[in-house]
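A.B. asks: This structure is in structure tokens; I'll ask about it shortly.
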Amino acid sequence: MKVKEIVDALEHFAPLPLQESYDNAGLQIGLTDAEVTGVLLCLDITEDIIQEAVVQDCNLIISHHPLIFRGCKQITGRNLVERCILKAIQAGIAIYSAHTNMDNAHGGVSFKMAEKLNLQHVRVLQPEGVGAEEWNETGSGVLGELPTPMTESEFMAMLKQIFEVECLRHNLLKGREISKVALCGGSGAFLIEKAAEKGADVFVTGEVHYHDFFDHEDILLCEIGHYESEQFTKDLFRDVLRQLSPDLRVVLTKINTNPIKYL
């Protein structure tokens, strides 16, 4: 199977026009006609990730966060991005990134979060897309319902367990019953007001601004960490590729690339 066939499958699920204007999703390094020996799935590109691809005999890496996000004027190995570019080219490894297009796709990153929480009646929180029906709308975040209502403490304990959260930050507890849940992978603070407007009892995302914790007493805010909120994007990539070809060799990275550590 060629790189182009895999790219086509990913872009059928998450078309590049869905990405935000600031983004740089798509094929970052490599040739579309190269034969694929194996695919390594990850969140971030690091030198260790590229070395893992070499060891696993994977000549294509699919990441959520783009390696090349801002323009590179020279490739001299002076920083992480440049070193990764050099290492990937030297190893003959192609790199493809599906970022905000995968966030905004129907069935994308936030939908995978909802699946992990076993939410029901999941729909797009802030529709922006071309779908004529609710079931296929594209846009930012999702809204769904728990099978059974929970207390705030029960819900946050579940969050910590499922997303392996070391440090969950939240606003003041009000003794709410949690039933309607809004989610957004990554930096989703821009959706807090939309979540409250839609009647969500809680909004879960990777990053929340300091003053947002003051300003929104009408909804429970849970910040679980950027990496933690998007870690299951690897599983989402795997789901798409399995539909393309069950025989394609796909490897999920075993490396935790989260750069944020906690004492």
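The values are calculated or read from the model by the stated rules, or taken from the named source; none is laboratory data. Values in this document were obtained by computation on a predicted structure and should not be read as measured data. Glycine gets a Cβ as well: all are built from the backbone with ideal geometry, and neighbour counts include every protein chain shown. Note: accessible area is taken over every heavy atom of the protein model, side chains too, but ligands, DNA and RNA are not part of it. Shrake-Rupley method; radii C 1.70, N 1.55, O 1.52, S 1.80 Å.
A.B. asks: Condition test on SER179, is it under 20 Å from the mean Cα position of the chain (by Cα), polar (S, T, N, Q) and under 25 Å from THR233 (Cα atoms)?
C.D. replies: Against the criterion (under 20 Å from the mean Cα position of the chain (by Cα), polar (S, T, N, Q) and under 25 Å from THR233 (Cα atoms)), SER179 does not qualify.
A.B. asks: Is the range 124-131 home to any residue that is open to solvent by 60 Å² or more (accessible area, probe 1.4 Å) and in a helix (DSSP H, G or I)?
C.D. replies: No, there is no match, as no residue in the range 124-131 is open to solvent by 60 Å² or more (accessible area, probe 1.4 Å) and in a helix (DSSP H, G or I).
A.B. asks: Show the residue pairs meeting these rules: Cβ distance below 9 Å; 6+ apart or different chains; first residue within the range 149-168 and at positive phi; second residue modelled with pLDDT of 95 or more and surrounded by 13 or more Cβ atoms within 10 Å (Cβ to Cβ).
C.D. replies: GLU164/GLU228; GLU164/GLN231
A.B. asks: Oh, and also: Within the group ILE89, ILE85, which residue is closer than 17 Å to ILE29 by Cβ and touching a Leu at 6+ places or on another chain (Cβ under 8 Å)?
C.D. replies: Among ILE89, ILE85, only ILE85 is closer than 17 Å to ILE29 by Cβ and touching a Leu at 6+ places or on another chain (Cβ under 8 Å).
A.B. asks: Could you grab me the full set of residues in the range 167-204 that are touching a Leu at 6+ places or on another chain (Cβ under 6 Å) and among the polar types (S, T, N, Q)?
C.D. replies: Within the range 167-204, ASN171, SER179 qualify.
A.B. asks: Checking the condition in a strand (DSSP E or B), over 26 Å from ILE260 (Cα atoms) and not hydroxyl-bearing (Ser, Thr, Tyr), which residue from LEU183, LEU146 passes?
C.D. replies: Exactly one of LEU183, LEU146 is in a strand (DSSP E or B), over 26 Å from ILE260 (Cα atoms) and not hydroxyl-bearing (Ser, Thr, Tyr), namely LEU146.
A.B. asks: Also: When you go through PRO17, PRO66 one by one, which is the residue that is exposed (fewer than 14 other Cβ atoms within 10 Å of the Cβ) and in contact (Cβ under 8 Å) with a residue 40 or more places away in the chain?
C.D. replies: Of PRO17, PRO66, the one residue that is exposed (fewer than 14 other Cβ atoms within 10 Å of the Cβ) and in contact (Cβ under 8 Å) with a residue 40 or more places away in the chain is PRO17.
A.B. asks: Continuing with this model, one more query. Residue pairs, Cβ under 7 Å, 6 or more apart or interchain, first in the range 20-46 and touching a residue at least 40 places away in the same chain (Cβ under 8 Å), second part of a loop (DSSP other than H, G, I, E, B) and among the hydroxyl-bearing types (Ser, Thr, Tyr). List them.
C.D. replies: Once the first residue is touching a residue at least 40 places away in the same chain (Cβ under 8 Å) and sits in the range 20-46, its partners that are part of a loop (DSSP other than H, G, I, E, B) and among the hydroxyl-bearing types (Ser, Thr, Tyr) give LEU40/THR253; LEU41/THR253; CYS42/THR253; CYS42/THR257; LEU43/THR257; ASP44/THR257; THR46/THR257.
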